[in-house]
Amino acid sequence: MEPSAWYRWYELEGTSGLQDLLRSWDPIGVAEEASDEYDGYVGRLAGQLRRGATTEHVLRYLTGARENMGLDPNPIEDRPVSERIHAWYVASTSNFAEPPSFGRPDGRAG
């Protein structure tokens, strides 16, 4: 996906989708009271996915996030979440259409 299309996807679908997925993960159990608790993880996670992160990379990211929160790693709980995040990313970006081109096929105006 071209960078401009990816940034468009991120603005229109990526941010809110990752926020929802991280809220459902909710390792400290505060998503209902503090809906923006995990928003700080969205940008970096999205960047890793854009650079080709696998499910294992996402799992390591979630493990690091847990550790940053002072929690112990929990791969049994985090693996299904990492799989959902990765599968959602692949599906979401593959269904995201490039904007139509209004120029000539050779790229020249008119």
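Among what's in segment 57-99 and is surrounded by fewer than 17 Cβ atoms within 10 Å (Cβ to Cβ), in contact (Cβ under 8 Å) with a residue 24 or more places away in the chain and polar (S, T, N, Q), pick the residue that is nearest to Tyr7 (Cα to Cα).
Only one residue tops the list, namely Ser92.
Would you pick out the residues in segment 31-52 that are closer than 11 Å to Leu18 by Cβ and aliphatic (A, V, I, L, M)?
Scanning segment 31-52 gives Val42, Leu45, Ala46, Leu49.
Quick one: in segment 19-51, of everything that is hydrophobic (A, V, I, L, M, F, W, C) and within 15 Å of Asp78 (Cβ to Cβ), which residue is modelled with the lowest pLDDT?
Ile28
Tell me which residues, restricted to segment 4-55, are small (Gly, Ala, Ser), closer than 18 Å to Pro80 by Cβ and either free of Cβ contacts under 8 Å to residues at least 40 places away in the same chain or surrounded by fewer than 17 Cβ atoms within 10 Å (Cβ to Cβ) (or both). Give the derivation first.
As a first pass, look at segment 4-55 and keep what is small (Gly, Ala, Ser): 4-5, 14, 16-17, 24, 29, 31, 34-35, 40, 43, 46-47, 52-53.
This time we only want the ones that are closer than 18 Å to Pro80 by Cβ, so: 17, 24, 29, 31, 53.
Scanning segment 4-55 gives Ser24, Gly29, Ala31, Ala53.
Does Glu83 qualify as being over 10 Å from the mean Cα position of the chain (by Cα) and either within 26 Å of Phe96 (Cβ to Cβ) or modelled with pLDDT of 95 or more (or both)?
So Glu83 fits the description; yes.
The values are calculated or read from the model by the stated rules, or taken from the named source; none is laboratory data. Being a predicted model, the structure only gives us computed values, none of them experimental. All Cβ positions, glycine included, derive from the backbone under ideal geometry; neighbour counts span all protein chains shown.
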